[in-house]
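Heads up, the thing below is written out as structure tokens.
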Amino acid sequence: MRVLVTGSNGLIGSEAVAYFDGLGADVVGADNNMRALFFGPDGDTRWNQRRLEREAKRFRHVELDIRDREAVLALLEGDDRFDLIVHCAAQPSHDLAARMPFEDFDVNAGGTLNLLEGLRRHQPEAVFVLMSTNKVYGDAPNELPLVELATRWDYADERDRPGISESCRLDRCLHSLFGASKVAADVMAQEYGRYFGLKIGVFRGGCLTGPQHSGVELHGFLSYLCKAAITGTTYKVFGYKGKQVRDNIHCRDVLRAIHRFAEAPRPGEVYNLGGGRGNSCSILEAADLVAELGGGRLRTEYVETARRGDHICYISDLRKLEGHYPGWRVEISLRDILAEMIDSWRSRHRRTG
Ligand SMILES: NC(=O)c1ccc[n+]([C@@H]2O[C@H](COP(=O)([O-])OP(=O)(O)OC[C@H]3O[C@@H](n4cnc5c(N)ncnc54)[C@H](O)[C@@H]3O)[C@@H](O)[C@H]2O)c1
């Protein structure tokens, strides 16, 4: 199997490289470390690239800016023939998109179009997976009636309990510029699947995470919360009494879903992909669990104003994915995700003092 991974230095991309390398595939990873430009020195991903180059057996890094149309087309026209393309390169933050709208749109929407057109022209037999996001639904999920419980918000109507399905509407709601550029990519990828019949799948991620996640304030919820508990940093809770709910999925479970899709692709399909109800938690619940697992007691500061458009309760309805790909289910529990994450932050904290 030959695999191309874009954004291969990042959280999901590097997991994709490791996952397919572990299966014996030849993997080409494309990245230009643009995360360092987005997030500053804390966002530098070269360490992860070097780790992959050291550890993966059949991995080759290609320095590629997906905004560079000619370079993307040349790569896909070249000698490397791919069975699977996993597109993870992106500008991933709401707040940065507002500060850098051109870069955000050029990477998320323009870069995706470059890859899709390269696929159509030069590698139409390859399976293509776009990592999209639940932020394409904007704040529409907040329209569901909610009930306030002791430690979390939850859906008030029993019928909503499985969570947000792919039928949630995408328009006439507030997204952030990031959400809007991801909608453009998401719809364009579906279109290349439906209009041209290419083997394209779109996965709308909830909170995707893992021990190698380097969460920062306002981005990478669970990872940053663990880091704050371990390092004694005060964690700012933005509104909703800390009862806002996210569903968390380990990136290995994400890759297992992508792998199932690659084995039996359905052109133009869209799947919600998160931890589901079983792996959902509020900030308050996550803090309790981290303390219970020995990560320390989180110090918090409450900020009355919620983040604009923030989901109050978001749980991915996984029934479509589970129905199309029987055998796939979330395997790594929230507890196990947190335990791994605490270990990882501990050793990083020890190294940096
Ligand atoms: N992590 C999450 O919780 C989450 C949730 C939902 C969706 N997603 C989506 O999954 C995908 C991967 O997310 P992630 O968390 O791994 O992000 P990440 O920031 O860790 O990785 C993205 C990678 O893309 C690279 N990149 C950025 N611009 C580039 C360009 N112009 N050319 C080449 N490479 C470029 C970056 O350097 C980085 O290594 C994104 O599309 C994101 O929107 C992530």
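The values are calculated or read from the model by the stated rules, or taken from the named source; none is laboratory data. These figures come from a predicted structure and were not determined experimentally. Virtual Cβ from ideal backbone geometry, glycine too; neighbours counted across all protein chains shown. We work out accessible area using only protein heavy atoms, side chains counted, and drop any ligands, DNA or RNA first. Shrake-Rupley method; radii C 1.70, N 1.55, O 1.52, S 1.80 Å.
Annotations
- Yes/no for residue 52 being more than 8 Å from the ligand (Cβ to nearest atom) and either under 17 Å from residue 103 (Cβ atoms) or open to solvent by less than 20 Å² (accessible area, probe 1.4 Å) (or both): yes
- From 67, 50, 35, 99, residue being basic (Lys, Arg) and farther than 26 Å from residue 137 by Cα: 50
- Output for region 57-78, where each listed residue is open to solvent by less than 70 Å² (accessible area, probe 1.4 Å), closer than 19 Å to residue 33 by Cα and away from the ligand (no atom under 14 Å from the Cβ): 59
- Selected residue (only one of 176, 93 is within 18 Å of the chain's Cα centre (by Cα) and at positive phi): 176
- Test: residue in region 142-150 that is touching a residue at least 40 places away in the same chain (Cβ under 8 Å), open to solvent by 10 Å² or more (accessible area, probe 1.4 Å), within 16 Å of the ligand (Cβ to nearest atom) and of a type outside the set (A, V, I, L, M): no
- Single condition residue 211 does not satisfy, out of (1) surrounded by 16 or more Cβ atoms within 10 Å (Cβ to Cβ); (2) in a helix (DSSP H, G or I): (2)
- Boolean, residue 275 is buried (at least 23 other Cβ atoms within 10 Å of the Cβ) and assigned to a loop (DSSP other than H, G, I, E, B): yes
- Unmet requirement for residue 10, which otherwise passes all of (1) within 10 Å of the ligand (Cβ to nearest atom); (2) in contact with a His (Cβ under 7 Å, 6 or more places away or on another chain): (2)
- Residue count for region 79-100 under the criterion of being open to solvent by 60 Å² or more (accessible area, probe 1.4 Å) and in contact with a helix residue (DSSP H, G or I) (Cβ under 6 Å, 6 or more places away or on another chain): the result is 1.
- Filter result (open to solvent by 30 Å² or more (accessible area, probe 1.4 Å) and away from the ligand (no atom under 13 Å from the Cβ)) within region 118-140: 120, 121, 122, 124, 125, 139
- Given (1) in contact (Cβ under 8 Å) with a residue 40 or more places away in the chain; (2) part of a helix (DSSP H, G or I), index of the condition residue 281 fails: (2)
- Residue match in region 247-263 (condition: in contact (Cβ under 8 Å) with a residue 24 or more places away in the chain and assigned to a loop (DSSP other than H, G, I, E, B)): no
- Taking region 13-43 as the range and being near the ligand (Cβ under 9 Å from one of its atoms) and open to solvent by 10 Å² or more (accessible area, probe 1.4 Å) as the test, the residues that pass are 15, 31, 32, 33, 34, 35, 36, 37, 38, 39.
- Set 322, 269, 304: member being free of Cβ contacts under 8 Å to residues at least 24 places away in the same chain and either open to solvent by 20 Å² or more (accessible area, probe 1.4 Å) or closer than 30 Å to residue 3 by Cα (or both): 322
- Within the set 226, 207, 251, the sole residue that is of a type outside the set (Gly, Ala, Ser) and touching a Lys or Arg at 6+ places or on another chain (Cβ under 9 Å) turns out to be 207.
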